[in-house]
1. Spot the failing condition for residue 333; the list is (1) touching a residue at least 24 places away in the same chain (Cβ under 8 Å); (2) over 24 Å from residue 68 (Cβ atoms), and only one is missed.
2. Taking the condition more than 11 Å from the chain's Cα centre (by Cα) and surrounded by 24 or more Cβ atoms within 10 Å (Cβ to Cβ), does residue 235 pass?
3. Would you be able to tell me the number of residues in segment 390-408 that are in a loop (DSSP other than H, G, I, E, B) and either at pLDDT below 95 or not small (Gly, Ala, Ser) (or both)?
4. Anything in segment 204-221 that is buried (at least 17 other Cβ atoms within 10 Å of the Cβ) and out of contact with any Ser or Thr (no Cβ under 7 Å at 6 or more places or on another chain)? List them, or say none.
5. Out of segment 4-58, which residues are acidic (Asp, Glu) and either crowded, with 18+ Cβ neighbours inside 10 Å or in a strand (DSSP E or B) (or both)?
6. Tell me whether segment 251-260 contains one or more residues that are farther than 27 Å from residue 135 by Cα, in the same structural domain as residue 117 (by TED's automatic domain parsing) and buried (at least 22 other Cβ atoms within 10 Å of the Cβ).
7. What's the number of the only condition in (1) hydrophobic (A, V, I, L, M, F, W, C); (2) crowded, with 22+ Cβ neighbours inside 10 Å; (3) without any contact (Cβ under 8 Å) to a residue 24 or more places away in the chain that residue 144 fails to meet?
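The values are calculated or read from the model by the stated rules, or taken from the named source; none is laboratory data. Just so you know, these numbers come straight off a predicted model, no measurement behind them. Cβ: placed from backbone, ideal geometry, glycine included. Neighbour counts: every protein chain shown.
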Amino acid sequence: MPSILEDYIAKHPGSAQRYNESTKVFPGGVTHDSRYAQPFPLFMTHGEGPLKWDVDGSEYVDYVSGHGALILGHSHPAIAEAVSKQILRGTHLGASTDEEMRWAKAIKALFPSVEKLRFHSSGTEATLMAMRLARAYTGRNKIIKLQDHFHGWHDYAMAGSDRSAPGIPTESWASMVIVPSGDLSAVEDALNGDNDIAGLILEPTGAHFGQLPFDVPNYLKGLRELTAQHDVVLIFDEVVTGFRASPGGTQVRYGITPDLTTLAKIVAGGLPGGAVGGKAEIIDMIAQRGDPSWDNTHRVYHPGTFNANPLSAAAGAVALEMIASQPINHQADEMAVRLKTGINELFGKMEVAGHAHGIASMIHVVLADCDCDREICTMPHFKISETIASAATTGMKRGLQNLGVDIMGRDCFLVSATHKEQEIDRTLEAFQNTLTAMRAEGLV
């Protein structure tokens, strides 16, 4: 019987060939760090609904979900129609459009905290602008960031990261204050000890959209109180959780109102796009006033060739209007519960150490036991990180791919509204067979 790795190599010759070619044109052979895999990553051709296909013709139940952007699944007819119509009307009109107004109104309808907003081309751009706005609004210089929380790859966001960061001047990080994730006392100490704090930014469900969670409702409530007491701008990075933790993101799910919110992924209906929204008085730091002193000296400058481009605006408006009017989140969440429950039952049935946890349609799998409620995991973060970095987790990822299931990263299932019972049950069968193969290799 071939090993998991041998089976992977045998089943994906087309991907192996393309990877050999891609290493000659792309660093590492890939165009996104999370797609890097050894001995080679998979190359895909197309997707429809919850499924996608690779260059060898193999079909997959997809839980990468466009890195979290596709809560409507692949090639949704309504999105395809909106983009097809717009592409014939113009891809870049170099002017303001009705489409961007419709898109903005769709965001505001779901996120009550967003009084005004500005569009960007990515989540990285959005978090950079949110930090800049906080500094400009308060007249202070420093941003509190939680350890390992991901806010893109710009210099400030890489402070306190679990990734390497060569090429960033150490001076850039002098304005970043890193505190342990989930520790309110550490935030309180930082605020009490430094009167130059402009803002605090975090992923509101924990690092890596809940992979390393904390006591979400109580922690967010505490952060809101502390930042309000110190007149510090509270920034929720809802690039992943926006429109997924609930139609109105984590903030609506738990009833906590930030000052600024960063959005991307689902916000643009699966196309490139991002936004920063929040209190009008903060967002208006970008606004021109017709006062030369303000406009030329104090205003936050913000150009951007593809800000609110018509294709993203058309797709985003349709997607968000569907989320507002149809049970999109309910369907995704319902299927996620079915999947999470099934995975946890398999761990018990097969007597394998492990559990699945997560909120809404975001499920994380940890190959270690925990007595948490399976929604918010209480396992120490270092233990989760060690487990995810293990050979066993790599084996799980490859084993699932061999059986037609592709997951986000090494441990995560992002469920869409197009996943139905048959895809979930097919996934659970693949998960069981993967655990069997892992046991045969001594990985579990």
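1. (2)
2. yes
3. 1
4. 208, 210, 211, 219, 220
5. Correct list: 48, 54.
6. So far as segment 251-260 goes, no, none of its residues is farther than 27 Å from residue 135 by Cα, in the same structural domain as residue 117 (by TED's automatic domain parsing) and buried (at least 22 other Cβ atoms within 10 Å of the Cβ).
7. Unmet for residue 144, out of (1) hydrophobic (A, V, I, L, M, F, W, C); (2) crowded, with 22+ Cβ neighbours inside 10 Å; (3) without any contact (Cβ under 8 Å) to a residue 24 or more places away in the chain: (3).
Residue by residue, here is whether (1) assigned by TED's automatic domain parsing to the domain that holds residue 246; (2) without any contact (Cβ under 8 Å) to a residue 60 or more places away in the chain; (3) buried (at least 21 other Cβ atoms within 10 Å of the Cβ) holds:
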residue: 116; (1), (2), (3): yes, no, no
residue: 131; (1), (2), (3): yes, no, yes
residue: 139; (1), (2), (3): yes, yes, no
residue: 151; (1), (2), (3): yes, no, yes
residue: 155; (1), (2), (3): yes, yes, no
